[in-house]
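Please treat every number below as a calculation from the coordinates, not as lab data. Everything numeric in this text was worked out from a predicted model, so none of it was measured. Cβ coordinates were reconstructed from backbone atoms using ideal geometry, including for glycine residues, and neighbour counts include every protein chain displayed.
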Amino acid sequence: MSTTDNVLLIILTSLLSVLILLVILIAITTFNILLKAQAILKKTELVVDSVESASQLLKNTKGRFMIFKLIRNIIKISKKS
């Protein structure tokens, strides 16, 4: 091999090494981002469940208040008569 061939081989090997390192760093970063996104999604699911529970509680409470409102209206009508 000539000197030119050796220089080209060294340059290509160096570039390939740098490229492999970049690919590894990108893979690790992507994996970390996915882990963080998964944690955020779990927290979001908990928040949604909490909101659904609160909504169901308010829905049940609204039904109870409607009964009291109906009784109050009946009492008002009976007082008018």
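Computed values, structure above
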item	result
Computed [θ] at 222 nm, helices only, for the chain once each DSSP H run of length n ≥ 4 contributes -39500 (n - 2.57)	-37000 deg cm²/dmol
Kirkwood Rh (inverse of mean 1/r, distinct Cα pairs), the chain, angstrom	19.5 Å
Options VAL51, THR29, LEU70, ranked by Cα towards positive dipole end of region 20-78, top entry (Cβ charges)	LEU70
Candidate lysines for bridging to LYS80, where Cα separation is under 27 Å - those fewer than 8 sequence places away on the same chain excluded	LYS62, LYS69
Nearest-20 debye value, the chain charge dipole, Cβ charges on Lys, Arg, Asp, Glu	1680 debye
